[in-house]
Amino acid sequence: MTNMIPPKKICCIGAGYVGGPTMAMIAAKCPDIRVDVVDLNEERIAAWNSDELPVYEPGLYDVVKEARGRNLFFSTDTEAAIVDADIIFVSVGTPTKTYGRGAGRAADLCYIEGAARMIAKVAKGPKIIVEKSTIPVRTAEAMRTILTANSSEGQFQVLSNPEFLAEGTAVEDLQCPDRILIGGERTPEGDAAVETLVNIYSQWIPRERILTTNLWSSELSKLVANAFLAQRISSINSISALCETTGADVDEVARAIGMDSRIGPKFLKSSVGFGGSCFQKDILNLVYLCEHFGLPQVASYWESVIQMNDWQKERFSGKIVNTLFNTVRNKRIAVWGFAFKKDTNDTRESAAIYVCRDLLLEGANIALYDPRVSQETIIADLKYVGVSQEMIDAQLTICDSCEDAALEAHGVAVLTEWDEFKEADYSRVLDGMHKPAFIFDGRNLLNHDTLRKIGFEVYAIGKG
Ligand code: NAD
Ligand code: UDX
């Protein structure tokens, strides 16, 4: 394995929100290494090769443009990319299982296994396999077993290198990460493989920010990092309910506690609930692992983070119904934002999906605007959570601006913190709405005093 340094070719299986941006950054920073990003999804690959990337991320197009066609290539020819790659990143999805044992909790590792079998079938000679996907602790062991059992010509070192980027800030996070984590087997071959990957990242990341650990610590740290981040949000969201009944202001409380350097200010923004493809999935995975290893108390501790998040979403839609005189039937409600956070077109587990579903089931007519999310995605997401096509046809309108959505509405619900919502023409919005005109700010994004002065009734999260 030690002969592999320096690598000439890298391949990445999976061209999603992680595979695409991560590999584009490596290609941009290491022009001497050829980087092939492959995916089974032809449409996705075509988009990576076009001017309309499949992932909306500020600054990403420039990074892709710099390297694409020079040393960065997107294709569906997985086998060709694997065969002569020195390092193979596996960046396929690891969604929550929806069937069989562990359904609703465990990670579905079918794509990981598919990738491992494909590598084993094609690979010849020494290869470093890098787990980029978020996976349960000890998955590297399963990968190694599949690889060695199915390959006569390959020699494999499996590394764990979880990705910590957040969507919406992916380019910044990749350019200047808090840390890079690399886990490897504690053997001379394992150490050499770790060093090979360290050398790639150290092209642009200071060496002291590259952390190396054993495989299991690295795999587990990714789940734990997400669980800790989500736990902070659930903690402050639980306090938001208390603020509303006591007259305290959750943003003031967050500021006051966040100035304690032992607590810190980040991830204390109270909201309608966290979303995204990672937090819920990874906590459920952690919960499943704890149950599996006979630790029910630990499992239920972390499960409560999800329960609090679910309650926060329900509480928000309940607040809208209660405030609008206990009925939203046939009332138009403008929903501003559908993405799970600003600056992304990703809607996975977005709080907006659940709030919209609840309101549709209460008979509301939803007028929805999001600057980046397509109509197809919105409809598919709502159907996935049980909204019928008839309900979509009768009760959902997709609008071209937030002002249009608010026309004739009884209430506006702000569900994503897009900057443009701060710039809306609120006098026009008010004029077009039924009175009293309510704003439900699920992100505490807007200037509530100004809105009240203009004439709105405002409900904000955690404001007494
Ligand atoms: P994604 O669903 O956007 O992309 C995964 C891609 O893998 C899909 O395009 C799919 O077609 C492809 N794929 C699956 N099997 C394949 C195969 N055998 N060959 C080729 N392509 C295959 O997922 P994502 O958001 O990029 O996440 C990938 C992993 O990274 C997950 O484990 C996730 O938990 C983790 N992660 C995600 C984020 C995030 O912000 N999205 C951040 C950190 C870590
Ligand atoms: C998260 C982790 O931050 C990242 O390190 C990991 O690699 C993937 O999962 P992501 O889900 O992309 O990243 O975005 P993040 O910024 O963490 O936000 C997740 C959700 O929490 C969003 O819905 C966001 O709006 C919400 N959030 C975040 C809050 O409600 N309050 C906060 O203070 C921070």
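The values are calculated or read from the model by the stated rules, or taken from the named source; none is laboratory data. All figures in this text were calculated on a predicted structure; none of them were measured in a lab. Using ideal geometry, Cβ is built from the backbone for each residue, glycine included, and neighbour counts are taken over all protein chains shown. Ligands, DNA and RNA are stripped out before the accessible areas are found, and what is left, the full protein with its side chains, is counted by its heavy atoms. Shrake-Rupley method; radii C 1.70, N 1.55, O 1.52, S 1.80 Å.
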Check: Which members of region 279-296 meet the condition of being in a helix (DSSP H, G or I) and surrounded by fewer than 17 Cβ atoms within 10 Å (Cβ to Cβ)?
Finding: H292, P296
Note to self: Exactly one of these conditions fails for R209: (1) open to solvent by 60 Å² or more (accessible area, probe 1.4 Å); (2) in contact with a Leu (Cβ under 9 Å, 6 or more places away or on another chain). Give me its number.
What the structure shows: (2)
Next item on the list: Filter region 404-423 for residues that are surrounded by 18 or more Cβ atoms within 10 Å (Cβ to Cβ) and either over 17 Å from Y459 (Cβ atoms) or under 25 Å from the mean Cα position of the chain (by Cα) (or both) and give the result.
Entry: A405, A413, V414, L415, T416, E417, W418, F421
Check: Counting just the residues of region 104-117 that are open to solvent by less than 50 Å² (accessible area, probe 1.4 Å) and hydrophobic (A, V, I, L, M, F, W, C), which one comes out nearest to ligand 1 (Cβ to nearest atom)?
Finding: A115
Check: Can you name the residue in region 1-21 that is touching a helix residue (DSSP H, G or I) at 6+ places or on another chain (Cβ under 7 Å) and at pLDDT 95 or above and is also farthest from G125 (Cα to Cα) among such residues?
Finding: P21
Next item on the list: For N330, state whether it is assigned to a loop (DSSP other than H, G, I, E, B), more than 29 Å from Q231 (Cα to Cα) and in contact with a strand residue (DSSP E or B) (Cβ under 7 Å, 6 or more places away or on another chain).
Entry: yes
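Just checking, which of L60, L53 is at pLDDT 95 or above, farther than 30 Å from Q155 by Cβ and within 16 Å of ligand 2 (Cβ to nearest atom)?
Just a single option satisfies the conditions, and that option is L60.
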Next item on the list: Sort out which residues of region 202-223 are in a helix (DSSP H, G or I), more than 16 Å from ligand 1 (Cβ to nearest atom), within 29 Å of L286 (Cα to Cα) and of a type outside the set (A, V, I, L, M, F, W, C), and write them in order of number.
Entry: E208, R209, S217
Note to self: Condition (residue is over 23 Å from D404 (Cβ atoms), without any contact (Cβ under 8 Å) to a residue 40 or more places away in the chain and not β-branched (V, I, T)) applied to region 343-362: is it met by at least one residue?
What the structure shows: yes
Note to self: Conditions first: (1) of a type outside the set (V, I, T); (2) in a loop (DSSP other than H, G, I, E, B); (3) free of Cβ contacts under 8 Å to residues at least 24 places away in the same chain. H434 passes all but one, so which condition is the exception?
What the structure shows: (3)
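One line per residue, one yes/no per condition, for (1) in a helix (DSSP H, G or I); (2) among the small types (G, A, S):
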site	(1), (2)
A225	yes, yes
S234	yes, yes
R262	no, no
S277	no, yes
V298	yes, no
Note to self: Tell me the residue from A28, A46, A24, A81 that is aliphatic (A, V, I, L, M), at pLDDT 95 or above, surrounded by fewer than 19 Cβ atoms within 10 Å (Cβ to Cβ) and not in a loop (DSSP other than H, G, I, E, B), please.
What the structure shows: A46
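Looking at region 175-226, which of its residues are of a type in the set (F, W, Y) and farther than 16 Å from T22 by Cα?
The one that is of a type in the set (F, W, Y) and farther than 16 Å from T22 by Cα: W216.
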Next item on the list: Looking for whichever is out of contact with any Gly (no Cβ under 8 Å at 6 or more places or on another chain), open to solvent by less than 60 Å² (accessible area, probe 1.4 Å) and under 30 Å from W418 (Cβ atoms) here; the options are A248, A241, A227. Which one fits?
Entry: A227
Note to self: Condition check: within 16 Å of ligand 2 (Cβ to nearest atom), charged (D, E, K, R) and surrounded by fewer than 23 Cβ atoms within 10 Å (Cβ to Cβ). Does K331 satisfy that?
What the structure shows: no
Item checked: Among (1) among the charged types (D, E, K, R); (2) in a loop (DSSP other than H, G, I, E, B); (3) open to solvent by 60 Å² or more (accessible area, probe 1.4 Å), the one test that E167 misses -> (3)
